[in-house]
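These notes are about the structure you will find just below.
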Ligand code: SF4
């Protein structure tokens, strides 16, 4: 097996807050992502998943731990190494309108990275821009139009084309469809997954909702208050969720009557997630967990094997009845 493209070891990203205290946005994440893998990273807003994405690219500094991309330790990298890494790893954001420059045409948006990073000779740029547009399902005849002349879904296609322009090895997509109309979300998700699979690109796909990632991910990582609480093959995590938090997320996935999961009980989450400034002691999920016992308030559960390819962070895994 080849070495993982991305390896995070015990990564912590903390921020001091003005009136005292520390936000522990990412608090001990260990994760490796293989070349060509699509990993879905899921959790409620504020669980630290977007901060983890920014930590990977060192857009926010790592408090502790290491981020290794393509064998290079980015947490101790010089400016030149970081510059190269940010070309290898491209981000796609939730709101394409905010991430695209409204004063640049599609042509200028896509030509700029090709020229700045000398991806191709200047004479080849127009053909390259046209090819990128075709790859994301946009007609090249629209290359002189501006972002506001496109729909939300088309703008996200432009953002995907811009990410592909630099021929990255890793794409980090942070909630890329949550600002889009439900009717076009599936088109954009399938486009992104198909493009990554065709190029053997690694995709870290961040979402707050399991139903968005369940079909396109090879593996799913579930994050709660700065920690990964479950990690494994997508089908296993969805069909046999082990951690009580994952079970709640899975039970909230809309199903149709013919689906085997239709008979599953709904396990609504009680209350909001606690603040990452002062997370609960022991298992961070204990104030909302229906299976919590006194020991859960004292022990920080490590990720342990829940099945041959899956890990979950819960001290009562063997005692909780299957869903
Ligand atoms: Fe619930 Fe305890 Fe497991 Fe945490 S360790 S998920 S509180 S049962």
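Here, each number is a calculation from the coordinates, and none is a lab measurement. Just so it is clear, the structure is predicted and the values come from calculations on it, not from any experiment. Please note: Cβ atoms are built from the backbone with ideal geometry, for glycine as well, and neighbour counts cover all protein chains shown.
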Sorted by Cβ neighbour density within 10 Å, fewest at the top, the residues 45, 275: 45, 275
In degrees, nearest 10, the alpha-carbon axis of helix 106-116 is tilted away from the dominant principal axis of the alpha carbons of the chain by 90
Express the relative contact order of the chain as a whole percentage, based on alpha carbon pairs under 8 Å and six or more residues apart in sequence. 20
Cβ-based exposure ranking for 229, 304, in which fewest neighbours within 10 Å come first: 304, 229
Measuring from the longest principal axis of the C-alpha atoms of the chain, the long axis of helix 182-199 (C-alpha) lies at a number of degrees, nearest 10, equal to 80
Cα centroid separation, segment 177-216 to segment 1-76 (Å): 21
Relative pair counts by distance (%), Cα atoms of the chain, 20 Å bins: 30, 56, 14, 0
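Quick check on packing: order 310-322, 114-126, 241-253 by the mean number of other C-beta atoms within 10 Å, highest mean leading.
Values: 310-322: 16.2, 114-126: 12.5, 241-253: 22.8.
In decreasing order of mean packing, 310-322, 114-126, 241-253 become 241-253, 310-322, 114-126.
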Between 0 and 90 degrees, rounded to the nearest ten: what's the tilt of helix 79-88 against the longest Cα principal axis of the chain? 90
Segment 1-145: spread of alpha-carbon positions along the three principal axes, whole Å, largest first, is 52, 41, 29
Packing-based exposure ordering (other Cβ within 10 Å, fewest first) of 11, 182: 182, 11
How big is the antiparallel share of DSSP beta bridges in the chain, given as a percent to the nearest 5? 60
